[in-house]
1. For the stretch 1-44, which residues satisfy the criterion of being of a type in the set (V, I, T), closer than 30 Å to F62 by Cβ and not in a helix (DSSP H, G or I)?
2. Filtering the stretch 1-54 down to residues that are more than 26 Å from the chain's Cα centre (by Cα) and in the same structural domain as E72 (by TED's automatic domain parsing), which residue is surrounded by the most Cβ atoms within 10 Å (Cβ to Cβ)?
3. Tell me which residues, restricted to the stretch 39-66, are of a type in the set (A, V, I, L, M, F, W, C) and in contact with a helix residue (DSSP H, G or I) (Cβ under 9 Å, 6 or more places away or on another chain).
Amino acid sequence: MNANELADELDTMLKAIGLTDNRVPTMLRQQQAEIEALKAKTLTDEEITKLVIATKGDCVLFANAILKRVSEK
């Protein structure tokens, strides 16, 4: 079950008991949107290979380069 499905279930339960406060379901839907956006931030094999070459295999530099590149997408 993803956050959207959980939000739908919560909405249904809240309405069944007469509550109309939908802040939590709304936050769950926002989190799912953020999760989907993060999933879309991927690098191709070619981009990763270029970063390995550019950082000469230095793990710390490579990790920083990956984080920087993904945050730019």
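The values are calculated or read from the model by the stated rules, or taken from the named source; none is laboratory data. A quick note: this is a predicted structure, and the numbers were derived from the prediction, not measured. Please note: Cβ atoms are built from the backbone with ideal geometry, for glycine as well, and neighbour counts cover all protein chains shown.
1. T42, T44
2. A54
3. If the condition is that a residue be of a type in the set (A, V, I, L, M, F, W, C) and in contact with a helix residue (DSSP H, G or I) (Cβ under 9 Å, 6 or more places away or on another chain), then L43, I48, L51, V52, A54, L61, F62, A65, I66 are the ones that fit.
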